[in-house]
Amino acid sequence: MCAFGALAGAGLATGAWLARAAHLTDLWIVPAYLLIANLTEYLIHRLLMHRPLWPRTLYRNHTLGHHRAFHHDSMEIASWRELDLVMMPWFSLLLFFVGTAPVAVLAWRALGPGATGVFMLTAVLSFVLYEGMHALYHLPLGVLARLGLLDNGVFRFLYDHHRHHHRLARMRWTNFNISLPLSDGWFRSLETETTWREARDRRRQPPFSAGSAGSGGAGEDRGQFLGDAGLDQIRERRHQKP
Ligand SMILES: [Zn+2]
Ligand SMILES: [Zn+2]
């Protein structure tokens with residue numbers, strides 16, 4: 001956490017220092033960056049974190065770690081140490097700097113130091129906001145209530161959006177944005193718990209009186225969707241508390 005804070009602070013300070021030379025016309029970088037970041041956040045989450053593709057570390061940490069630890073009905077961390085199961089490791093910010101450095105160099109050459117500062121500020125702030133939002137979604141409800149967030153309609157919408165993503169039966173299909181669900185809207189993967197329940201209930205209704213009760217049932221929301229034998233200790237620690 002300290003290393004993450006120091007890196008983020010250094011990035012923000014450098015960005016702010018450079019941004020002193022920015023012009024008003026450089027501000028187009030902010031919405032452009034946020035739109036591209038929203039799409040990137042969506043694609044990495046959907047394609048790499050929920051599929052066992054290279055680099056499998058992302059799938060292992062996210063699907064087998066984070067989703068095994070937190071289900072839609074057990075979103076809260078049990079101790080502050082469990083933030084490790086929510087937040088990315090500190091060096092992910094270092095990798096982020098390395099990954100965005102070529103864009104910063106291009107921005108410097110094409111648009112100058114002021115625009116590069118705006119780019120850096122936007123990039124680091126949105127990264128920190130992403131991590132902060134995700135951490136908030138997993139804080140104890142008592143803490144969120146004390147912060148007044150549960151009464152905030154915008155936060156409630158975003159919280160419910162991510163909570164529904166933690167439903168094991170839906171995690172590979174819906175609600176991949178952690179920040180604003182713009183890309184979820186573009187790719188038609190935006191779903192609320194209410195619309196999902198209604199569609200499920202319609203599917204379960206037998207055409208006539210005969211038939212089974214549907215394919216749902218107790219297993220639908222549980223670990224059968226994770227399958228992998230790895231990281232079982234997380235599930236035990238989180239979901240089999242005395
Ligand atoms: Zn989460
Ligand atoms: Zn996920």
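We did not get these values from a lab; they are worked out from the coordinates using the rules stated. Note that the coordinates shown come from a computational prediction; the quantities given were computed from them, not determined experimentally. Because the Cβ atoms are built from the backbone with ideal geometry, glycine has one as well, and the counts that use them run over all protein chains shown.
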Review point. Which peptide among 138-151, 106-119, 166-179 comes first, and what is the full order, when sorted by highest mean count of other Cβ atoms within 10 Å?
Key: 166-179, 106-119, 138-151
Revision key, fill the gap. Karplus ³J(HN,Hα) for region 176-181 (6.51 cos²θ - 1.76 cosθ + 1.60, θ = phi - 60°; Hz, whole; x = Gly/Pro) runs 8, 6, 9, 7, 5, x
Check your understanding: Magnitude of the Cβ-charge dipole of the chain, K/R +1 and D/E -1, about the Cα centre, nearest 20 debye?
Key -> 420 debye
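Taking loop as defined by DSSP and a crowding limit of 10 other beta carbons within 10 Å, which trypsin sites (Lys or Arg not before Pro) in region 1-86 fit?
Here the sparse-neighbourhood loop sites are Arg20.
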**Study point:** In sequence order, calculated HN-Hα J values of region 87-103 (Karplus, 6.51, -1.76, 1.60; Hz; x Gly/Pro)
**Key:** 8, 6, x, 4, 6, 5, 5, 5, 4, 4, 4, 4, x, 8, 4, x, 5
Review point. What is the chain's relative contact order, in percent, from Cα pairs under 8 angstrom and six or more apart in sequence?
Key: 28 percent
**Study point:** Whole-Hz ³J(HN,Hα) from phi, Karplus 6.51 cos²θ - 1.76 cosθ + 1.60, for region 112-117, glycine and proline x
**Key:** x, x, x, 5, 5, x
Review point. Can you give me the pair-distance distribution of the chain, C-alpha pairs, 10 Å bins, whole percents?
Key: 7, 26, 32, 21, 9, 3, 1, 0
